[in-house]
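Structure, as structure tokens:
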Ligand code: SF4
């Protein structure tokens, strides 16, 4: 997310017309959803999910089911091109830690656009909620709990709109996130059965072995990224190609289950 780094004074944090939970389907955003449910009436909460185009196929269903189960609104956003098409027609290189175009275009960009286009429905004071936790990394440990969101209108020329970006689970440990999910009656994403983190299926920041697990379970999907990698002639990571990972696990005995067999665990 594009940060303003302008802190919100505590006395300004009241009177919100909407609370947007930035929901990745992972466990930290489930913890954020728990916080939202405890602090806002359900009719003010939006469950917002950005499909990057490299997500688990079950994710749309998870978002819809949680929304229905909890009685809150949901919105699924997609960039018109998505990960693969952007890679093949505009970016020509996989993202990396220094150039995470996947996050800036496929998540932040579409989110900011949606908020700006829906100010009327959201009301003039919005709380935008994300699930960073301090113990995940040094940079996350330095994040403030609240800052102004980039969609805030700083002059009244285009209207009055304030958006505060709040990180309610910064000080919590991961185990607590699973507990919050249980309290809500929401099962963890099925990927936690074999991975410690829930991210895009071919996330460039994930250890190779995690990607290999996804390649075993979702070969048809990962193959599309392998083909794109060949087409752009740029490998997934600096010293590792997706093709290498894909080929290393395509022994038929390695393929445990197809994605269509994974049941939603709500
Ligand atoms: S999970 Fe990984 S691949 Fe997906 S948007 Fe984030 S950094 Fe990019």
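Just one of the listed residues (36, 97) is over 15 Å from the mean Cα position of the chain (by Cα) and closer than 18 Å to residue 3 by Cα, and it is 97.
For the stretch 192-207, which positions are touching a residue at least 24 places away in the same chain (Cβ under 8 Å) and within 12 Å of the ligand (Cβ to nearest atom)? 197, 198, 199, 200, 201, 202, 203, 204, 205, listed by residue number.
Residue-wise test of (1) at pLDDT 95 or above; (2) within 16 Å of the ligand (Cβ to nearest atom); (3) buried (at least 17 other Cβ atoms within 10 Å of the Cβ).
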residue: 45; (1), (2), (3): yes, no, yes
residue: 67; (1), (2), (3): yes, no, yes
residue: 78; (1), (2), (3): yes, yes, no
residue: 101; (1), (2), (3): yes, yes, yes
residue: 120; (1), (2), (3): yes, no, no
residue: 130; (1), (2), (3): yes, yes, yes
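Return the residues of the stretch 80-92 that are away from the ligand (no atom under 13 Å from the Cβ) and in contact with a helix residue (DSSP H, G or I) (Cβ under 8 Å, 6 or more places away or on another chain); say none if nothing qualifies. Of everything in the stretch 80-92, those that are away from the ligand (no atom under 13 Å from the Cβ) and in contact with a helix residue (DSSP H, G or I) (Cβ under 8 Å, 6 or more places away or on another chain) turn out to be 81, 88, 92.
The values are calculated or read from the model by the stated rules, or taken from the named source; none is laboratory data. Predicted model, so just to flag it, every value in this text is computed and none were measured. With ideal geometry, Cβ positions are generated from the backbone for all residues, glycine too; neighbour counts draw on all protein chains shown.
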